[in-house]
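Presented below is the structure to which this report refers.
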Amino acid sequence: MLTIRELKDGEIVILQVAGKMLDTDARALSEKVKDLVAAGVRKIILDLSGINLMNSCFGLGIIASCWGNMNRASGKLVIANPSPKVTKLLDITKLNQVFSIHKTVDDAKLNL
């Protein structure tokens, strides 16, 4: 099960994502980002500190979709707090060269 908690810090929305990104439940994140884009949000931080399991299909595929939605809206989406396992998956797939990835939410804020 995937949970998404939304926090606001000025014009930045922080989505604290927790659980497993392994199946169709992960699509809730994509829908959330689409809704935020439609509402005019242009700066999003995905806090992945609560993700304990992710695969490349639903996990990375959904994050790539979210990134694409923000990019098309001239917005910016960055990743914060990925676990070592998620970091390794991002490295293996070379998505660490596409996404802006930061160790902390505070560091991510500085890069938006």
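The values are calculated or read from the model by the stated rules, or taken from the named source; none is laboratory data. Please read all numbers here as calculations on a predicted model, not as lab measurements. Glycine also receives a Cβ, built like all others from the backbone with ideal geometry; neighbour counts cover every protein chain displayed.
Applying a threshold of 7 Å to beta carbon distances and a minimum spacing of six or more residues, or different chains, the list of pairs starting in the range 35-53 at a residue that is more than 14 Å from residue 11 (Cα to Cα) and ending at one that is of a type in the set (Val, Ile, Thr) and part of a strand (DSSP E or B) reads 46/17; 46/79; 47/14; 47/17; 48/17; 48/79; 50/17; 51/17.
Out of the residues in the range 1-46 that are over 15 Å from residue 77 (Cα atoms) and of a type in the set (Val, Ile, Thr), state the one that is nearest to the chain's Cα centre (by Cα). So, considering only residues that are over 15 Å from residue 77 (Cα atoms) and of a type in the set (Val, Ile, Thr), the one nearest to the chain's Cα centre (by Cα) is 4. Taken together, 86, 37, 33 contain a single residue that is surrounded by fewer than 21 Cβ atoms within 10 Å (Cβ to Cβ) and either within 21 Å of residue 112 (Cβ to Cβ) or in contact with a Cys (Cβ under 8 Å, 6 or more places away or on another chain) (or both), which is 37.
Just one residue in the set 110, 48 is closer than 16 Å to residue 4 by Cα and of a type in the set (A, V, I, L, M, F, W, C); that residue is 48.
Here residue 16 meets the list (1) at pLDDT below 95; (2) in a strand (DSSP E or B); (3) closer than 17 Å to residue 100 by Cα almost entirely, failing just condition (1). Per the listing 78, 37, 33, the residue uniquely at pLDDT 90 or above, in contact with a strand residue (DSSP E or B) (Cβ under 6 Å, 6 or more places away or on another chain) and either part of a helix (DSSP H, G or I) or aliphatic (A, V, I, L, M) (or both) is 78. The residues of the range 12-30 that are touching a helix residue (DSSP H, G or I) at 6+ places or on another chain (Cβ under 7 Å) and crowded, with 16+ Cβ neighbours inside 10 Å, listed by number, are 12, 13, 14, 15, 17, 21, 26, 29, 30.
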